[in-house]
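Peer 1: First the structure, which I've put down as structure tokens, then a few questions once you've had a look.
The values are calculated or read from the model by the stated rules, or taken from the named source; none is laboratory data. Just so we're clear, the structure is a prediction, and the values are computed from it rather than from any experiment. Cβ placement follows ideal geometry from the backbone for every residue including glycine, while neighbour counts extend to all protein chains displayed.
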Amino acid sequence: MEIRIIKYQSEDYLKAIQLREKILRLPLGLTLTKEFLEQDKEQYHFALFENERILSSLTYKIMSETSIKMRQVATDKHLQGRGLGKKLVLYSEEYMKKKGYSHIILHARDSAIIFYDKLNYISFGEEFEEVGLPHIKMEKYI
Ligand SMILES: CC(C)(COP(=O)(O)OP(=O)(O)OC[C@H]1O[C@@H](n2cnc3c(N)ncnc32)[C@H](O)[C@@H]1OP(=O)(O)O)[C@@H](O)C(=O)NCCC(=O)NCCS
């Protein structure tokens, strides 16, 4: 297993898009829009691979000199609950810390709060809706 930092529009990036679409959008009857994907240009993309198969991925959007937003965290369906997402988050946090970022925020789906909680993210603010699902903001200082 190998973690890769993937370049926008690379072959690996296209695999990440397919995974994100399959895990985060299609179950909701949605697709990743062109406008949404436009933001990917400016973001950091991390993914876990086994040989050429993508297992898990996430992205970070730069919010300020010190703050980043973790987005689009997804592990392939039949591989969830095996520690892959955790491994990717911990690796990427360390990498972003070395880049000088110290604060991570994210919008957690209700169903994923425990996952982030176990990674020491703290919830704040009121519940809100995104992609038709209840979400809560969470943050962590690294
Ligand atoms: C949420 C998600 C990214 C977690 O990735 P994963 O690879 O399944 O997570 P891991 O196996 O690394 O889990 C790490 C820990 O969190 C727990 N966990 C993971 N997802 C969980 C969930 N949805 N509910 C409760 N606990 C969860 C695991 O049991 C594990 O606990 P442990 O360390 O005590 O054993 C993945 O389940 C997923 O892709 N879900 C669908 C898409 C999604 O909801 N993404 C997040 C959007 S905000």
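Peer 1: Which one of these is closer than 27 Å to Gly132 by Cα, at pLDDT 95 or above and more than 6 Å from the ligand (Cβ to nearest atom): Leu106, Leu84?
Peer 2: From the options Leu106, Leu84, the qualifying one is Leu106.
Peer 1: What are the pairs with Cβ atoms under 6 angstrom where one residue, in segment 125-142, is closer than 20 Å to Arg20 by Cα and without any contact (Cβ under 8 Å) to a residue 60 or more places away in the chain and the other, located anywhere, is of a type in the set (D, E, K, R) and not in a strand (DSSP E or B)? Sequence gap at least six, or different chains.
Peer 2: Pro134/Asp110
Peer 1: When you look at Gly100, is it among the small types (Gly, Ala, Ser), surrounded by fewer than 18 Cβ atoms within 10 Å (Cβ to Cβ) and within 16 Å of the ligand (Cβ to nearest atom), yes or no?
Peer 2: Details: among the small types (Gly, Ala, Ser): yes; surrounded by fewer than 18 Cβ atoms within 10 Å (Cβ to Cβ): yes; within 16 Å of the ligand (Cβ to nearest atom): no.
For Gly100, the condition - among the small types (Gly, Ala, Ser), surrounded by fewer than 18 Cβ atoms within 10 Å (Cβ to Cβ) and within 16 Å of the ligand (Cβ to nearest atom) - is not met.
Peer 1: Turning to a different aspect of this structure: Specify which of the listed residues (Gln9, Gln18) is on the phi > 0 side of the Ramachandran plot and not in a strand (DSSP E or B).
Peer 2: When all the criteria are applied, what remains is Gln9.
Peer 1: Can Asp110 be described as surrounded by fewer than 16 Cβ atoms within 10 Å (Cβ to Cβ), more than 18 Å from Gln43 (Cβ to Cβ) and touching a Leu at 6+ places or on another chain (Cβ under 9 Å)? Walk me through how you get there before you give the answer.
Peer 2: Values: surrounded by fewer than 16 Cβ atoms within 10 Å (Cβ to Cβ): yes; more than 18 Å from Gln43 (Cβ to Cβ): yes; touching a Leu at 6+ places or on another chain (Cβ under 9 Å): yes.
When the stated conditions are applied, Asp110 passes them.
Peer 1: Continuing with the same structure: From Ser10, Ser56, which residue is among the polar types (S, T, N, Q), at pLDDT 95 or above and under 25 Å from Lys140 (Cα atoms)?
Peer 2: Only one candidate passes the filter, namely Ser56.
Peer 1: While we're looking at this one, here's another question. Hey, does segment 29-49 have a residue that's surrounded by 11 or more Cβ atoms within 10 Å (Cβ to Cβ), of a type in the set (Gly, Ala, Ser) and part of a strand (DSSP E or B)?
Peer 2: Looking for residues that are surrounded by 11 or more Cβ atoms within 10 Å (Cβ to Cβ), of a type in the set (Gly, Ala, Ser) and part of a strand (DSSP E or B), one finds at least one in segment 29-49, hence yes.
Here is a yes/no grid of residues against (1) over 15 Å from Val73 (Cα atoms); (2) not in a strand (DSSP E or B):
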residue: Val89; (1), (2): no, yes
residue: Ser92; (1), (2): no, yes
residue: Tyr95; (1), (2): yes, yes
residue: Ser123; (1), (2): yes, no
residue: Glu129; (1), (2): yes, no
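Peer 1: Can you give me the number of residues within segment 53-87 that are without any contact (Cβ under 8 Å) to a residue 40 or more places away in the chain, basic (Lys, Arg) and outside any loop (DSSP other than H, G, I, E, B)?
Peer 2: 5
Peer 1: May I ask you to list the residues in segment 55-79 that are surrounded by fewer than 18 Cβ atoms within 10 Å (Cβ to Cβ) and of a type in the set (Val, Ile, Thr)?
Peer 2: Ile62, Thr66
Peer 1: Quick one: would you say Ala108 is of a type in the set (A, V, I, L, M, F, W, C), farther than 14 Å from Ile5 by Cα, touching a helix residue (DSSP H, G or I) at 6+ places or on another chain (Cβ under 6 Å) and not in a helix (DSSP H, G or I)?
Peer 2: Details: of a type in the set (A, V, I, L, M, F, W, C): yes; farther than 14 Å from Ile5 by Cα: yes; touching a helix residue (DSSP H, G or I) at 6+ places or on another chain (Cβ under 6 Å): yes; not in a helix (DSSP H, G or I): yes.
Taking the combined requirement at face value, the residue satisfies it.
Peer 1: So which residues in segment 45-60 are closer than 8 Å to Leu19 by Cβ and over 12 Å from the mean Cα position of the chain (by Cα), if there are any at all?
Peer 2: Result: Ile54, single match.
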